[in-house]
Amino acid sequence: MKKFIYLLMAVGFVCTSCNPMEDIYSDIDEALEKEGIIAKFDYTLVEDDYKETLALDYANFNSDEDAKTLISEFLNVTYPYFGVTYKADGTINDASTANITYALYNRIDTYSADIREVEYAEYGPITGNTYGNFDRDSHLQDYLNQEYPDAEEDDFVSLRYDYYSGSVNTYTDGFVYDGSVWNKIAGFTEDEYEAMGESYPNFSSESEAEEKIPAGLSTDGAEFGDILQAMYELYSSGTTTSYTINYTFDGTEWVEYTNVQPKTLQFGHDGTNWLPDNTISYSLVTSDYADIVSALAATYPSATDSMDNYGNFERRSGNAAEWTNDMVVEAINVVLENVDPSAEEGQKYVVSFDVYNGSNGTENFSVIKTGGVWVLQ
């Protein structure tokens, strides 16, 4: 609200002096350059953004690095007035952030092959026992390497085999050779085909497979933009053939993948430009204040007593229970070591917390992990 009042005053001043309209806009620009408007928003790039604003031939990026560079340019052009606010000491109080969803060209091949079934006598030489099954993943690698010694990168095999893990089960999975190992693409089990409404462990048409498979894929733990490869069996004219198909998670369900992967990247304003940013916003909760009191009571008895009583940071300068900036940063270290103990070097947080400075309010501290500790940014 403060920033908008400031703009109105600036406009009013210029109007009474009867300057041309370009002078009004110039003064507004100058006012906004001093302190930006804070905005936190989500945006998905559309075709015009790629082809018109960024002058690209296709509505996608070729790499994540291209996306970081070009989206920064896009935001600088499209949202020039969203920026940061500063504290009296010159440190950043709050910064604009944007979660941008974009399309990344990422081709993932699909494969097909007739099914190769492992015969009973073929297990023994690989496993070293008399049981007609494999019982570890290395057995599968050994078998495929033995059977396909001249395999080249991107070769594909559909393999039906018995595998013991508490009990013996039959699986039909796909394996793609990457030049050194065979990577598995899981096929569906008989129970999974039945759950998808099939009487036999296969589909009778490609369209039926495309329609039913998404409902048979678990969404547990799936995140937006995840890619999943699946293999299914198709029965036609007396022959069963394996095919792979790729899906991506759109945040709600699995949809067929078209070699363009949706991804989301956060950008933040550093006071001058929009830049790729890993900043996480976090607001302290009741248990965080209790953790701070427990960890720092011996070091700051008066300050922690006050926090224990009122559930906030005493920020009145000179007060016996005052939390100085350095003390607040110590407290934030306590909290973030609990909240995100495995945070990588360079991770950023904007931490919001309750304060009393003559009246109740909130403050934000921007911190970054440097040398294993959280320091004021």
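Indicate, rounded to the nearest 5 percent, the antiparallel portion of the DSSP beta bridges found entirely in the chain.
On the way: 57 of 76 bridges.
Around 75 percent of the beta bridges assigned by DSSP in the chain are antiparallel ones.
Over 25 Å between Cα atoms: which of Lys51/Lys348; Lys51/Lys263; Lys184/Lys212; Lys40/Lys87; Lys68/Lys369 fall into that group? Intermediate values should be presented prior to the final figure.
On the way: Lys51/Lys348 33 Å; Lys51/Lys263 18 Å; Lys184/Lys212 22 Å; Lys40/Lys87 19 Å; Lys68/Lys369 22 Å.
The pairs that break the limit, which is 25 Å between Cα atoms, are Lys51/Lys348.
Using only Cα positions of the range 139-283, each an equal point scatterer, no hydration layer, compute I(q)/I(0) via Debye at q = 0.12, 0.13, 0.16 Å⁻¹ and quote the log10 values to two decimals.
Cα-only, vacuum Debye calculation for the range 139-283: -0.65, -0.74, -0.98.
Take every Cα pair under 8 Å in the chain that's 6+ residues apart, average their separations, divide by the length, and report that relative contact order as a whole percent. Display every interim value, and only then the final one.
Details: 633 pairs, mean separation 50.2, N = 377.
Taking the mean separation of contacting Cα pairs over the length of the chain, I get 13 percent.
Let's test this: bin the Cα-Cα distances of the range 83-130 at 5 Å from zero up to the farthest pair and state each bin's percent.
Final binned percentages: 4, 11, 8, 7, 6, 7, 6, 6, 6, 6, 6, 5, 6, 8, 6, 1.
Between Rg and the Kirkwood Rh of the range 280-376, both from Cα atoms, what is the Rg to Rh ratio?
Details: Rg = 12.7 Å, Rh = 13.4 Å.
When Rh is taken as the Kirkwood radius, the ratio is 0.95.
Based on DSSP, what percent of beta bridges with both residues in the range 112-260 are antiparallel, to the nearest 5? Walk me through the intermediate numbers first.
Details: 29 of 35 bridges.
Rounded to the nearest five, the antiparallel share is 85 percent.
Can you tell me the relative contact order of the range 61-167? Whole percent, Cα pairs under 8 Å, sequence separation 6 or more. Can you show the working numbers first?
Values: 82 pairs, mean separation 26.0, N = 107.
Relative contact order of the range 61-167: 24 percent.
Per Stokes-Einstein, at 4 °C and 1.567 mPa s, what whole-number D in µm² s⁻¹ belongs to the range 41-141, with the Kirkwood radius over Cα pairs as the hydrodynamic radius?
Working: Rh = 19.1 Å.
Here the translational diffusion coefficient equals 68 µm²/s.
Counting helices only, and only those DSSP H runs with n ≥ 4, report the 222 nm mean residue ellipticity of the chain as the sum of -39,500 (n - 2.57) divided by its residues, in deg cm²/dmol to the nearest 500. Each step should come with its number before you reach the end.
Numbers: 10 runs with 116 residues, N = 377.
Per the formula, -9500 deg cm²/dmol.
From Cα coordinates alone, what are the radius of gyration and Dmax values for the range 66-212 in angstrom?
Reported Rg and Dmax, both Å: 25.5, 79.
Counting other beta carbons within 10 Å of each residue's own, what order do Glu210, Glu223 fall into, fewest first? Write out the running numbers ahead of the final one.
Values: Glu210 14, Glu223 9.
By the 10 Å Cβ count, ascending, the order reads Glu223, Glu210.
Would you list Lys68, Lys51 from fewest to most Cβ contacts within 10 Å? Each step should come with its number before you reach the end.
Numbers: Lys68 16, Lys51 13.
Starting with the residue having the fewest Cβ neighbours, the order is Lys51, Lys68.
Most fluctuating residue of Asp220, Asp162, Asp142 in a GNM of the chain with Cα springs under 10 Å: which is it?
Asp220
Report the percentage of all Cα-Cα pairs in the range 180-235 whose separation exceeds 12 Å, rounded to a whole percent. Write down the numbers at each step before the final one.
Values: 1062 of 1540 pairs.
I get 69 percent for the Cα pairs in the range 180-235 exceeding 12 Å.
Each value in this text was obtained by applying a stated rule to the coordinates, not by laboratory testing. Predicted model only: the values in this text are computed from it and were never measured. Quick reminder, even Gly has a Cβ in these numbers, built from the backbone with ideal geometry, and neighbours come from all protein chains shown.
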